[in-house]
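Novice: After the structure tokens below, expect a handful of questions from me.
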Amino acid sequence: MHHHPASLIGKKRDGGELSAAEISDLVAGVVDGSLGDAQLGAFLMAVCCNGMTAAETTALTLAMRDSGRVLQHAHVKRPKIDKHSTGGVGDKVSLLLAPLVAAAGVAVPMVSGRGLGHTGGTIDKLAALPGYRTDLSIDRFQKVLEQCGYAMAAPSAEVAPADKRMYATRDISGTVESIPLITSSILSKKLAEGIDGLVMDVKCGRAAFMKEQHDALALMEGLVETGRQAGIKMAALLTDMDHPLGLAIGNALEVAEVIAALDGQCPSDLREVTLALGTEMLLLAGVATDAASAKATLEQLWSDVVVRQVFRHNLELQGGDPRVLDDPSLLGRAAFVVPVEASRPGFVVDVDPQALGRVVVDLGGGRRQPTDAIDPLVGIVLKKVLGDPVMAGDVLAFVHAATEDAAGMAVMRVQHAMPIGDERRRRGALVLRRIA
């Protein structure tokens, strides 16, 4: 530590701009423990209150990236592009998108997180696949990437270790909402994957991390700017998370939805968001020259079942049971599957994603604490969506629960989250803004 940490924290507290060297010293202190908890908390609060310039945010991101191992995939000749979503309810896009984009000739090295709170994590969904391994060594990760075009892994402790401590401290110090801190947390981990480009899916709406559109846009712009400064190609879409994505919420249920989607039975909203993000990935990779041809390529690969073959190849390479593709009942089924019925005729006037996400957490399908165990079989499958007409007694959804009591509790809450009224409401646009 060349600079005294207290003086750097004071400089940030007073609105000063830190140099790259000063930021790099602070991050080194985060990793080796020489920056104490009180100092780290104070630094994060100073950043949260005063913000950071674009140069500071980039320096912080790169220092965090370089705090651990940075992967190189020199032997993989294809362009390497990843996608990151800020999280939502029913967002199983990665499981479809990675094989889709890999089928089009792009390498997708995807390191994903576990879910926390009402947002599901890709790693938890994959864990619902019998035998599937996400705890890959770096060597294995690279081999899988080379062989089938994409690899899916949980973050290894060697990658961006500074973020682990900073993330945990943000959670307990009231500094989660800071855009420079969110940006550096996301990008430091993604840049360590050895990618050439990244497409961000920034969600906004009730179940999103950023509920307001202006906040989500600010985050989007910060991510794109910082990623470019750090030397990778960036694109970003602002997408709707005011409603769940797809019909299934819950780990095994979402995997079953993905398996059906590989065979062409895909809810239209899930399909639209997946194709929109895939199009951006192909454009960044340079394998397509315009959005229309990129989308057409993806639609063709999807309908020709090539995507299913790539998914199957990855499944075999990562230890999953490929029989699940032909027989999704191998995923298992919750002990109690109970219908939620409409109490009156009319139209579904809302599908509240945050309320539904919380029901799934309470059923045991998500985590409140990072150490919580997850029941992969519980969740909700929607049978009606916003604007659908219903008669009294029609099934709005099915609740999948481990106990009868839990099922009863969930049924009442799902009914509340899917009110019936007299006016017909339509879902708005799914893709709200684009930066490319």
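The values are calculated or read from the model by the stated rules, or taken from the named source; none is laboratory data. Just so we're clear, the structure is a prediction, and the values are computed from it rather than from any experiment. Neighbour counts run over all protein chains shown; Cβ positions are idealised from the backbone, glycine included.
Novice: Output the residue which, of all residues in region 361-370 that are out of contact with any Ser or Thr (no Cβ under 9 Å at 6 or more places or on another chain) and not in a helix (DSSP H, G or I), is modelled with the lowest pLDDT.
Specialist: PRO370
Novice: If you don't mind, another one. Taking the residues in region 106-121 that are under 19 Å from GLY364 (Cβ atoms) and of a type outside the set (D, E, K, R) as candidates, determine which candidate is modelled with the highest pLDDT. Walk me through how you get there before you give the answer.
Specialist: Just the residues of region 106-121 that are under 19 Å from GLY364 (Cβ atoms), to begin with: 114-121.
Adding the requirement that they be of a type outside the set (D, E, K, R) leaves 115-121.
Working: GLY115: 72, LEU116: 69, GLY117: 71, HIS118: 75, THR119: 76, GLY120: 76, GLY121: 86.
Filtering region 106-121 for residues that are under 19 Å from GLY364 (Cβ atoms) and of a type outside the set (D, E, K, R), the one modelled with the highest pLDDT comes out as GLY121.
Novice: Out of ALA429, ALA397, ALA373, which single residue is more than 21 Å from GLY357 (Cα to Cα), aliphatic (A, V, I, L, M) and not in a helix (DSSP H, G or I)?
Specialist: Just a single option satisfies the conditions, and that option is ALA429.
Novice: Something else: Say we look at region 202-230 and pick out the residues that are in a helix (DSSP H, G or I) and either among the aliphatic types (A, V, I, L, M) or assigned by TED's automatic domain parsing to the domain that holds LEU363 (or both); which of these is nearest to VAL360 (Cα to Cα)?
Specialist: Across region 202-230, the extreme among qualifying residues is ALA216.
Novice: Considering region 169-211 alone, what residues qualify as being among the basic types (Lys, Arg) and closer than 30 Å to GLY428 by Cα?
Specialist: LYS203, ARG206, LYS211
Novice: For residues in region 130-149 being within 20 Å of the chain's Cα centre (by Cα) and assigned to a helix (DSSP H, G or I), which is surrounded by the most Cβ atoms within 10 Å (Cβ to Cβ)?
Specialist: Applying the first criterion (within 20 Å of the chain's Cα centre (by Cα)) to region 130-149 yields 132-136, 141, 145, 149.
When the remaining residues are screened for being assigned to a helix (DSSP H, G or I), the result is 141, 145.
Values: PHE141: 23, LEU145: 29.
Checked region 130-149; the qualifying residue surrounded by the most Cβ atoms within 10 Å (Cβ to Cβ) is LEU145.
Novice: Of all residues in region 361-405, which are of a type in the set (Val, Ile, Thr) and either under 21 Å from ASP269 (Cβ atoms) or crowded, with 18+ Cβ neighbours inside 10 Å (or both)? Walk me through it before giving the result.
Specialist: To start, the set of residues in region 361-405 that are of a type in the set (Val, Ile, Thr) comprises 361, 371, 374, 378, 380-381, 385, 390, 395, 399, 403.
Scanning region 361-405 gives VAL361, ILE374, VAL378, ILE380, VAL381, VAL385, VAL390, VAL395, VAL399.
Novice: Among the residues of region 182-209, write down those that are over 27 Å from ALA355 (Cβ atoms) and not hydroxyl-bearing (Ser, Thr, Tyr).
Specialist: Matches in region 182-209: LEU187, LYS189, LYS190, LEU191, ALA192, GLU193, GLY194, ILE195, ASP196, GLY197, LEU198, VAL199.
Novice: Taking the residues in region 269-304 that are in a loop (DSSP other than H, G, I, E, B), at pLDDT 95 or above and not small (Gly, Ala, Ser) as candidates, determine which candidate is surrounded by the most Cβ atoms within 10 Å (Cβ to Cβ).
Specialist: The extreme case among them is VAL287.
Novice: Quick check on region 343-352. Is at least one of its residues buried (at least 18 other Cβ atoms within 10 Å of the Cβ), among the β-branched types (Val, Ile, Thr) and closer than 25 Å to THR122 by Cβ?
Specialist: Looking through region 343-352, at least one residue is buried (at least 18 other Cβ atoms within 10 Å of the Cβ), among the β-branched types (Val, Ile, Thr) and closer than 25 Å to THR122 by Cβ.
Novice: Name the single residue, out of those in region 141-173 being of a type in the set (Gly, Ala, Ser) and modelled with pLDDT under 90, that is nearest to VAL30 (Cα to Cα).
Specialist: Ranking the qualifying residues of region 141-173, first place goes to ALA168.
Novice: Shifting gears a bit: Could you check region 1-99 for helices (runs of 4 or more DSSP H) lying wholly inside it with 3 or more residues that are surrounded by 15 or more Cβ atoms within 10 Å (Cβ to Cβ) and aliphatic (A, V, I, L, M)?
Specialist: 20-32, 37-50, 54-65
Novice: Being touching a strand residue (DSSP E or B) at 6+ places or on another chain (Cβ under 6 Å), part of a helix (DSSP H, G or I) and under 18 Å from LYS83 (Cβ atoms) is the filter here; which residues of region 231-268 pass it?
Specialist: Within region 231-268, GLU254 is the sole residue that qualifies.
Novice: While we're looking at this one, here's another question. Report yes if ARG358 is assigned to a helix (DSSP H, G or I), surrounded by fewer than 21 Cβ atoms within 10 Å (Cβ to Cβ), under 22 Å from the mean Cα position of the chain (by Cα) and not polar (S, T, N, Q), otherwise no.
Specialist: So ARG358 passes the test.
Novice: What residue, among those in region 360-391 that are small (Gly, Ala, Ser) and out of contact with any Gly (no Cβ under 9 Å at 6 or more places or on another chain), is farthest from GLY120 (Cα to Cα)?
Specialist: Looking at the filtered set, the residue picked out is GLY387.
Novice: Let me ask another. From ALA107, ALA153, ALA162, grab the single residue that is buried (at least 23 other Cβ atoms within 10 Å of the Cβ), of a type in the set (Gly, Ala, Ser), more than 18 Å from ILE249 (Cβ to Cβ) and under 18 Å from the mean Cα position of the chain (by Cα).
Specialist: On inspection, the qualifying residue turns out to be ALA153.
Novice: Find the residue count for region 49-88, including only residues that are touching a strand residue (DSSP E or B) at 6+ places or on another chain (Cβ under 6 Å) and among the basic types (Lys, Arg).
Specialist: The total comes to 3.
Novice: Is at least one residue of region 406-413 surrounded by 15 or more Cβ atoms within 10 Å (Cβ to Cβ), at pLDDT 95 or above and not in a helix (DSSP H, G or I)?
Specialist: No, region 406-413 contains no residue that is surrounded by 15 or more Cβ atoms within 10 Å (Cβ to Cβ), at pLDDT 95 or above and not in a helix (DSSP H, G or I).
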